[in-house]
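Enquirer: Next up is a structure, given as structure tokens.
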Amino acid sequence: MATVGIVGLGLLGSAVASRLRTAGHDVVGYDVVPERVQALVAIGGRAAPSAEAVVKAAEAVCVVLPSLASVEEVVLGPRGLTPSGRVDQTIIQMSTISPSLTERLAREVSVKGLAFLDCPISGTSGMVAQGDGIIFVGGERSVYERWRPVLESILPRAVFVGRPGQATALKLVANLLIALHSAAAAEALLMAKKTGLDLGLVLDVLTKSAATSRMLEVRGPLMAKQEFPPQMKLDLFMKDLHLIQETAASVGAPLPLTDVAERLYAAAMDAGRAGEDLAVVITAMESTQG
């Protein structure tokens with residue numbers, strides 16, 4: 001069993017920590033929110049007072065943070081993982097960031113003699129906690145093979161994609177589909193509601209039909225109940241949508257459907273729903289219809 005560090009114990013980071021602990025790994029973690037660290041200790045993990053302390057205690061460190069700036073600071077900052085790390089350690093970057101930043105992190109980490117894996121996770125925090133989802137992996141194949149058992153203890157499928165940055169690009173493609181499928185589920189359920197259909201029946205039928213999607217299965221019940229506890233907070237997902245648009249523009253890929261969906265998610269943000277699950281997009285549609 002490995003000693004694995006985690007920097008960032010929010011919804012996704014805590015799910016990763018739980019999976020690692022269930023598999024028997026020693027987990028040491030840090031987060032700027034003390035209650036999140038206490039939750040790790042409650043499941044048998046160890047608390048660290050800083051990211052620097054995490055890297056000094058672990059063989060590999062998973063980075064699960066909400067913004068590009070926070071990832072860059074933790075990985076490359078003066079008291080971050082790279083300056084404080086050892087040549088036998090690996091940084092496993094799991095946050096959703098840009099392919100270009102991922103490539104730069106990989107270069108600068110390798111210059112310092114540490115190994116780097118680009119490992120974004122596709123799946124909500126709730127799915128990951130149940131072992132459901134997939135890890136996309138970019139980096140050197142030998143480093144992937146070394147840490148593959150640990151990655152597969154988080155999620156059974158940890159698929160090697162290619163060089164650093166390519167796994168992140170695939171994660172953005174996956175999130176593009178999540179955005180569209182969630183918006184499509186909202187539109188369909190709103191139409192069903194307007195026609196007087198029972199949404200419980202609708203979900204039972206559609207999720208067993210050719211019309212189903214994973215987002216209909218995961219977020220449809222939230223939409224039907226009009227309850228949106230966050231598995232992916234809307235404000236964080238808006239960051240992902242901006243990254244999708246930037247990446248698509250850089251490679252010349254048109255995104256006409258994503259453009260429409262992004263406006264709907266932005267309307268929900270403007271209505272003060274930033275901290276709720278992205279399924280709250282259905283409320284923006286309802287407001288549009290009056």
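Enquirer: From the mean inverse distance of alpha carbon pairs (Kirkwood) and the Cα radius of gyration, derive Rg over Rh for the stretch 1-53.
Expert: 0.91
Enquirer: For the Cα atoms of the chain, what angle does the longest principal axis make with the long axis of helix 234-251, in degrees from 0 to 90, nearest 10?
Expert: Helix 234-251 sits roughly 80 degrees off the main axis of the chain.
Enquirer: Quick one: accessible surface of residue 282, probe radius 1.4 Å, all protein chains present, in square angstrom to the nearest 10.
Expert: 10 Å²
Enquirer: Let me ask something else. Taking the Cα atoms only, what angle lies between the long axis of helix 11-22 and the longest principal axis of the chain, rounded to 10 degrees?
Expert: For helix 11-22, the angle is close to 60 degrees.
Enquirer: Then there is this: Please list the radius of gyration and Dmax for the stretch 46-166, considering alpha-carbon atoms only, with Å as the unit.
Expert: 13.4, 37
Enquirer: Below 20 Å Cα-Cα, how many Lys pairs turn up in the chain? Only count pairs eight or more apart in sequence, or on different chains, if you could.
Expert: Final tally of qualifying lysine pairs is 8.
Enquirer: Still on this structure: Between beta-carbons, use under 14 Å as the cut-off and find the net charge around residue 41, counting Lys and Arg +1, Asp and Glu -1.
Expert: That sum, taken over residues with Cβ under 14 Å, equals 0.
Enquirer: Something else now. Report the residue, chosen from 213, 110, 250, that carries the largest GNM mean-square fluctuation when the chain is represented by alpha-carbon nodes joined by springs under 10 Å.
Expert: 250
Enquirer: Lys/Arg Cβ at +1, Asp/Glu Cβ at -1, dipole of the chain taken about the Cα centre: which of 68, 226, 29 is farthest positive-ward?
Expert: 29
Enquirer: Moving on. Nearest 500 deg cm²/dmol is fine: what mean residue ellipticity at 222 nm does the chain get from its DSSP H runs of n ≥ 4 alone, each adding -39,500 (n - 2.57), divided by its residue count?
Expert: -17500 deg cm²/dmol
Enquirer: Can you send over the carbon and sulfur percentage of the accessible area for the chain, probe radius 1.4 Å, protein chains only?
Expert: For the chain, the apolar C and S fraction of the accessible surface comes to 58 percent.
Enquirer: Same structure again: Suppose all protein chains stay in the model; what accessible area per residue would a 1.4 Å probe give for the stretch 1-114, in Å²?
Expert: Accessible surface, normalised per residue, equals 40 Å².
Enquirer: Then there's this: How large is the dipole of the chain about the Cα centre if only Lys and Arg carry +1 and Asp and Glu carry -1, each at its Cβ, rounded to the nearest 20 debye?
Expert: Dipole magnitude for the chain comes out near 460 debye.
Enquirer: Express the accessible area of the stretch 137-290 per residue in Å², computed with a 1.4 Å probe while the remaining protein chains stay in the model.
Expert: Accessible area per residue, the stretch 137-290: 49 Å².
Enquirer: Mind ordering 254-263, 144-153, 73-82 by average Cβ neighbours within 10 Å, highest first?
Expert: Per-residue Cβ counts within 10 Å, averaged per peptide and sorted highest first, yield 73-82, 144-153, 254-263.
Enquirer: Over the chain, what is the mean sequence separation of C-alpha contacts under 8 Å (at least six apart), divided by residue count, expressed as relative contact order in percent?
Expert: 14 percent
Enquirer: Something else: Using only the Cα atoms, work out Rg/Rh for the chain, with Rh taken as the Kirkwood radius, to two decimals.
Expert: Ratio of gyration radius to Kirkwood radius for the chain: 0.99.
Enquirer: Using +1 at the Cβ of each Lys and Arg and -1 at the Cβ of each Asp and Glu in the chain, identify which of 272, 57, 16 lies farthest towards the dipole's positive end.
Expert: 57
Enquirer: Among 157-163, 100-106, how do they line up by average Cβ neighbours within 10 Å per residue, starting with the highest?
Expert: 100-106, 157-163
Enquirer: So for the stretch 107-191, considering every pair of alpha-carbon atoms, how many percent are separated by more than 21 Å?
Expert: Roughly 39 percent, rounded to a whole number.
Enquirer: Taking only Cα atoms of the stretch 117-270, what ratio of Rg to Rh do you get with Rh as the Kirkwood inverse-distance radius?
Expert: Rg/Rh for the stretch 117-270 comes to 1.01.
Enquirer: Still on this model: Sort out for me the Cα centre separation of the stretch 205-262 from the stretch 51-110, rounded to whole Å.
Expert: Between the Cα centres of the stretch 205-262 and the stretch 51-110 lies a distance of 28 Å.
The values are calculated or read from the model by the stated rules, or taken from the named source; none is laboratory data. Please read these numbers as outputs of a predicted model, since none were measured by experiment. Reconstructed Cβ throughout: ideal geometry from the backbone, glycine too, with neighbour counts over all protein chains shown. All accessible areas refer to the heavy atoms of the entire protein, side chains included, with ligands and DNA or RNA removed. Shrake-Rupley method; radii C 1.70, N 1.55, O 1.52, S 1.80 Å.
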